[in-house]
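Take a look at the structure below.
The values are calculated or read from the model by the stated rules, or taken from the named source; none is laboratory data. Computed from a prediction, not measured in an experiment: that's the story for all the values here. Here the Cβ is made from the backbone with ideal geometry for all residues, glycine too, and neighbour counts use every protein chain on show.
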Amino acid sequence: MNYTLHQLKVFLKIVDFLSITKASEELHLTQPAVSIQLKNFQDQFDIPLTEVIGRRIYITDFGHEIAKSAQKILNEAEEIKNKTMAYKGNLTGKLKLSVVSTGKYIMPYFLTEFLEQYQGVNLTMDVTNKKNVVESLAANDTDFALVSILPDGLKIEKINLLRNKLYLVGSSKTNGNSKILSHEQLGSLNYIFREYGSGTRQTMENFFEKNGIQITNKLELTSNEAVKQAILAGLGYSIMPLIGIKSELQNKELRIIPAKGLPIETNWSLIWLKDKKHSPTAAAYLDFVNSQKSKIINEKFSWYEQY
C-alpha cells in the first residue's frame, strides 16, 4: 500500500461530512481534487470504502474500520511532529479545554501568557454546561476541564485555581435593606434558575434542599448572561457566581443581598483524568499553571477579595 497522510485526511473529512462538497469546503480544495484523492485511496483496497445510492454517499462497514485506523495514524503523526518541535524548543500542537459556562470569566486569564509564549499551540476551548463538560472529560475528548463542582464517579487529578463564591443577587432597582434575609424570607422570592445540567443550578438546588427552603416561583434560562439580563429587568433573583457579575456590581446595576447561609463557596478547579498521558503541549500547560497561578490571581483577581 502507498497511501499518504493527505489521503487519510481527505477520507476522514468525507466520513465526517458524508459529502464531497462539504469535505472540499472544509479542506479548501476543489471537489474534483477531493474526488481524485478518494479514488486513489480506494484503489489501494479490494473492498469498497464508500458507496453511492441516489445522490448520497455512504461509508461501508469496512470504510468505518479504515477510518478508525486512519485517525490513529494521523494522531501518531501529529504526536511525532509535536515531539520533534518540542525537542527543538518550539512547542506546537493542540490544547483542548472544556469549560463550564461561567468559567469563561476565568479561563482566558490562565491562557494568555501561555499562548503568547508558545504561538505554535492551537487552542480549542468548548464553553458549555457542567453535564457536557463532564461527558467530554469522561470520553477523554479534552485535555483539561474547568469546573466548580467536582464530578462523581471519575478518577481525576486537579489544581484549584480560584475560590468560587456564589451570592444572592438582585437588581439595584428593587427595594432592599441591609438586614440578612432568613430562610423563610428566601423562600418567598421569585428565582431565576439556569438549565438542568448547569453547575450553578445544582449548587442552588443543593442549598435550598439542605436548608429546607421551598421555592414556588421560578424561571429557567439557559445562560448566565440571560439570567443577568432577567435580573436587571426585575424578573427575579438568583444565586450567582461572583466572577460573572463584576461589571454589573461596579456599575451598581446589580446588588448582593445578604442572606443566611450565603455566600456558598466552592473552588474553580482545573481537572484531568487520573493517569492520563499528557501530550507535550498539555504537559507544558500544566507546568505553566502550576508556576504562574499565584501571579495571575494577584494581578487579575485582586478585586475578587473585596466581596
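Among the residues making up the range 224-250, those that are among the hydrophobic types (A, V, I, L, M, F, W, C) and either within 16 Å of residue 166 (Cα to Cα) or within 23 Å of the chain's Cα centre (by Cα) (or both) are 226, 227, 231, 239, 240, 242, 243, 245, 249. Among the criteria (1) touching a Gly at 6+ places or on another chain (Cβ under 7 Å); (2) modelled with pLDDT of 90 or more; (3) of a type outside the set (S, T, N, Q), the one residue 91 does not fulfil is (2).
Taken over the range 49-66, residues that are touching a Ser or Thr at 6+ places or on another chain (Cβ under 7 Å) and either surrounded by fewer than 13 Cβ atoms within 10 Å (Cβ to Cβ) or assigned to a strand (DSSP E or B) (or both) amount to 5. Each residue in the range 110-131 was checked for being surrounded by fewer than 17 Cβ atoms within 10 Å (Cβ to Cβ), closer than 30 Å to residue 195 by Cα and touching a residue at least 60 places away in the same chain (Cβ under 8 Å), and 1 pass.
For the range 293-307, give me the residue count where each residue is over 26 Å from residue 206 (Cα atoms) and either surrounded by 15 or more Cβ atoms within 10 Å (Cβ to Cβ) or in contact with a strand residue (DSSP E or B) (Cβ under 8 Å, 6 or more places away or on another chain) (or both). Final tally of qualifying residues: 5.
Scanning the range 140-153 for any residue that is touching a Phe, Trp or Tyr at 6+ places or on another chain (Cβ under 6 Å) and assigned by TED's automatic domain parsing to the domain that holds residue 296 turns up at least one such residue.
If we scan the range 128-136, do we find a residue that is farther than 30 Å from residue 251 by Cα, assigned to a helix (DSSP H, G or I) and among the aliphatic types (A, V, I, L, M)?
Checking the range 128-136: at least one residue is farther than 30 Å from residue 251 by Cα, assigned to a helix (DSSP H, G or I) and among the aliphatic types (A, V, I, L, M).
Exactly one residue among 290, 224 is surrounded by fewer than 17 Cβ atoms within 10 Å (Cβ to Cβ), in contact (Cβ under 8 Å) with a residue 40 or more places away in the chain, within 24 Å of residue 142 (Cα to Cα) and not basic (Lys, Arg), and that residue is 290.
State whether one or more residues within the range 105-112 are assigned by TED's automatic domain parsing to the domain that holds residue 145, modelled with pLDDT under 85 and not small (Gly, Ala, Ser). So far as the range 105-112 goes, no, none of its residues is assigned by TED's automatic domain parsing to the domain that holds residue 145, modelled with pLDDT under 85 and not small (Gly, Ala, Ser). From the list 20, 36, pick out the single residue that is in contact with a Ser or Thr (Cβ under 8 Å, 6 or more places away or on another chain), assigned by TED's automatic domain parsing to the domain that holds residue 67 and within 16 Å of residue 57 (Cβ to Cβ). From the options 20, 36, the qualifying one is 20.
Screening the range 143-251 for helices (runs of 4 or more DSSP H) wholly inside it with 3 or more residues that are within 30 Å of residue 278 (Cβ to Cβ) returns the ranges 199-210. Annotation note: of 185, 229, 214, the sole residue that is among the polar types (S, T, N, Q) and in contact with a helix residue (DSSP H, G or I) (Cβ under 6 Å, 6 or more places away or on another chain) is 214.
One residue alone among 260, 295 is outside the structural domain of residue 212 (by TED's automatic domain parsing) and farther than 30 Å from residue 84 by Cβ, and that residue is 295.
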